[in-house]
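Here's the structure we're looking at; comments come further down.
The values are calculated or read from the model by the stated rules, or taken from the named source; none is laboratory data. From a predicted model like this one, the values you see are computed outputs, not experimental measurements. No Cβ is skipped: glycine too gets one built from the backbone with ideal geometry, and neighbour counts run over all protein chains shown.
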Amino acid sequence: MNDETPALPQPASPGDAASPQAPRPALAATSEPSRSGASGWALLLAVIALIAAAVAGWQAWDTRQRNTQTREELARRLAESDTAATEVRALNRQQQEALATLQGKLGALESKVEATEGQAAALEALYQEFSRSREDRVVAEVEQAISIAAQQLQLAGNLEAALIALQGAEARLAASDRGQLAPLRRALSNDIEQLKRQPDVDVPGVALRLERLLERADALPLAFAGEAAVSPESPAAAPIDNSGGKTAAALAFVGELARDVWHEMRDLVRVERLDQTEPVLLAPAQSTFLRENLKIRLLTARLALLARDGRTYAADLAQARNWMERFFDLRDPRVKEAVQELRVLEVVPVSVQRLSLNESFAALRVLQARAGDLRPPAPAAEAARPANGQGNGAAAPQR
């Protein structure tokens with residue numbers, strides 16, 4: 001009940017009914033102070049209620065303001081969170097795209113690495129094969145050079161050509177610089193030293209001297225031609241001078257007749273030396289044949305020189321020298337020089353000892369046999385290459 005609620009009238013009791021007018025002044029006097037007190041309390045309560053309402057309203061307004069600020073702050077933060085989340089999602093998307101790109105590049109790099117590894121393996125195999133083939137080629141070249149040197153020694157006796165061939169083979173081995181070829185190079189060096197110890201003959205120089213003799217053979221005078229040249233000749237007939245008249249002509253005729261008679265008388269008496277052989281008289285055709293046979297002997301001697309056939313060389317030069325001493329004029333300086341040249345050339349030692357290259361051939365055979373044992377079979381190597389390629393291709397998808 002509020003203080004402002006009016007008091008309800010109470011029913012009168014039987015005693016009060018008998019004297020209804022007697023208590024009313026006292027009741028009125030007591031009700032006035034009670035009303036004034038109730039009004040004060042009511043006013044106080046109203047003020048308190050108003051204050052409480054004001055406080056409650058202020059608190060409600062303050063709470064509402066705080067809630068509004070909180071909502072605004074929350075909305076702002078939510079917006080910022082959404083923006084940040086959007087940025088994060090964009091960054092995440094970019095990172096995923098970059099990761100996908102990197103994965104693609106990584107896959108491409110892995111493929112390239114695998115291809116490079118395969119190519120490196122193939123190049124290594126090719127290098128090994130090329131090394132073996134290069135070594136085989138060097139050995140084949142050396143074998144050919146040794147064979148040429150052996151042919152020059154055995155067939156032609158050409159020491160210089162054999163030495164050149166062996167030195168070329170040794171230079172080829174030195175250029176390759178491989179340890180497994182050292183025994184072969186050592187054997188070649190021994191054979192080269194053996195050839196160098198042989199007597200050195202200037203074959204080109206001797207051949208050139210024989211060539212000069214060949215060129216001078218046609219110009220050498222024969223012996224009978226020289227005798228005819230040195231024999232006393234009849235004096236030349238004096239020229240007839242028509243200015244002297246018949247007397248001079250008669251004297252000239254008498255002189256010619258006397259000379260003819262003297263020549264005829266001289267032919268009847270012939271003085272010869274018995275300690276010397278007379279020069280052989282040769283017909284022009286025989287003279288030509290003599291010179292050609294002399295050239296043939298000199299040519300044969302030159303061929304024997306190149307073939308290092310000492311016996312044939314000496315025999316041909318001796319025969320050529322005998323022909324010159326018998327059929328050519330030894331009083332001529334050119335013939336003397338040619339005979340002396342033949343005597344010097346005749347004693348030149350052109351024959352050489354028959355040498356063999358057994359040490360080089362033995363080292364070569366050992367090297368070839370060792371290379372044949374160590375060389376892997378070609379089909380196995382070819383079969384291994386596709387297998388390696390399949391293994392690399394199968395490993396790529398797993399990554």
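Odds and ends about this structure:
- Criterion violated by ARG212 - all others in (1) at pLDDT below 90; (2) assigned to a helix (DSSP H, G or I) satisfied: (1)
- Selected residue [farther than 24 Å from THR300 by Cβ, loosely packed, with under 15 Cβ neighbours inside 10 Å and not hydrophobic (A, V, I, L, M, F, W, C)] from GLN180, GLN194, GLN167: GLN180
- Only one of the listed residues (ARG291, ARG302, ARG297, ARG311) is farther than 23 Å from GLU337 by Cα, at pLDDT 85 or above and of a type outside the set (Phe, Trp, Tyr). That residue is ARG311.
- Residue within the stretch 243-264 that is part of a helix (DSSP H, G or I), surrounded by 16 or more Cβ atoms within 10 Å (Cβ to Cβ), of a type in the set (A, V, I, L, M, F, W, C) and at pLDDT 55 or above present: yes
- When GLU87, GLU124 are checked against the criterion of being assigned to a helix (DSSP H, G or I), at pLDDT below 85 and exposed (fewer than 12 other Cβ atoms within 10 Å of the Cβ), a single residue qualifies: GLU124.
- Within the stretch 308-340, the set of residues being under 54 Å from the mean Cα position of the chain (by Cα) and surrounded by fewer than 20 Cβ atoms within 10 Å (Cβ to Cβ) comprises ASP309, GLY310, ARG311, THR312, ALA314.
- Scanning the stretch 328-339 for residues that are assigned to a helix (DSSP H, G or I) and farther than 13 Å from ARG212 by Cβ yields PRO333, VAL335, LYS336, VAL339.
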